[in-house]
Amino acid sequence: MMPSATRPRIWTTPGYTITSVCAWTPPFTSPLRSPPSHRDPHKGLEVVVNWNNPAHLQYGSVVDDQSVAAIPLYTYSTTHRQQLHLSDCMKYFTSKEQLGETDMVYCASCKEHKRSYKEFGLWRLPQYLVIQLKRFQYTLSRWGGSKLDHLVTFPLDDWDVHQFIVPSSPAAKEPAVYELCGVTNHSGSLHFGHYTAHCLQAGQWHSFNDGFVGQASPSAIVDPEAYVLFYKRKA
């Protein structure tokens, strides 16, 4: 049986006015045109699902499963959240993945379409490595999804990315150590929010929040609001 929070309700009046009731928006009514006389008037009824917050997140189908919430070792709970490290995210992003049946590739040898694999890796090491944490999970619900506030820890210095380099690439034998030099933070939700930043200059971290600029402690850099990470390659 459908949970009580998700049972459909029908609102109608003789004039085909549909009244919608929603947990997040004020009730409203919308007059509709009368159906043609040759049609069954009962087919003009509108079924509205009344969700209780946050039921739409539980029953809304996730259409984007590559967010930080999709990493297998992460256990979601309102009371306990297993800690994620940036290297865990990179391992998941660079892991081998078999494509679906709708993405099959034609094999010239066996003359058939086969399911293939894809795998990401670093081929060349940039001077600045920019990493965006996917903090927005999209669903088929009316609200489109939610903002993810998972804490992802990341190193401030001496982050070695050798394990993510393609072995046959030119970068395989090069130094691959990075230090963090900046962070873009996002607070808010999927639909609105506020951006702040942390930047490293001459060995001192600074906080930027609109017109405010001040010194920041290194312990304040790793935060659930961290969104985009900027790493500089060390000589």
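The values are calculated or read from the model by the stated rules, or taken from the named source; none is laboratory data. Just so it is clear, the model here is predicted, and its values are computed rather than measured. Methodologically, a virtual Cβ is constructed for each residue, glycine included, from the backbone with ideal geometry; neighbour enumeration extends over all protein chains shown. What goes into the accessible areas is simple: the full protein's heavy atoms, side chains included, and nothing from ligands, DNA or RNA. Shrake-Rupley method; radii C 1.70, N 1.55, O 1.52, S 1.80 Å.
Some values worked out for this structure:
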| item | result |
| --- | --- |
| Test for Val228: is it assigned to a strand (DSSP E or B), open to solvent by 20 Å² or more (accessible area, probe 1.4 Å), within 21 Å of Gln137 (Cβ to Cβ) and β-branched (Val, Ile, Thr) | yes |
| Any hit, the range 88-102, residues being out of contact with any strand residue (DSSP E or B) (no Cβ under 9 Å at 6 or more places or on another chain), assigned to a loop (DSSP other than H, G, I, E, B), polar (S, T, N, Q) and modelled with pLDDT of 80 or more | yes |
| Set His198, His186, His194: member being in a strand (DSSP E or B), touching a Ser or Thr at 6+ places or on another chain (Cβ under 7 Å) and within 21 Å of Leu84 (Cα to Cα) | His198 |
| Failed condition for Ser169, given (1) at pLDDT below 90; (2) under 30 Å from Lys232 (Cα atoms) | (1) |
| Residue that is open to solvent by less than 30 Å² (accessible area, probe 1.4 Å) and either out of contact with any helix residue (DSSP H, G or I) (no Cβ under 9 Å at 6 or more places or on another chain) or of a type outside the set (Asp, Glu) (or both), where the choices are Gly193, Gly211, Gly145 | Gly145 |
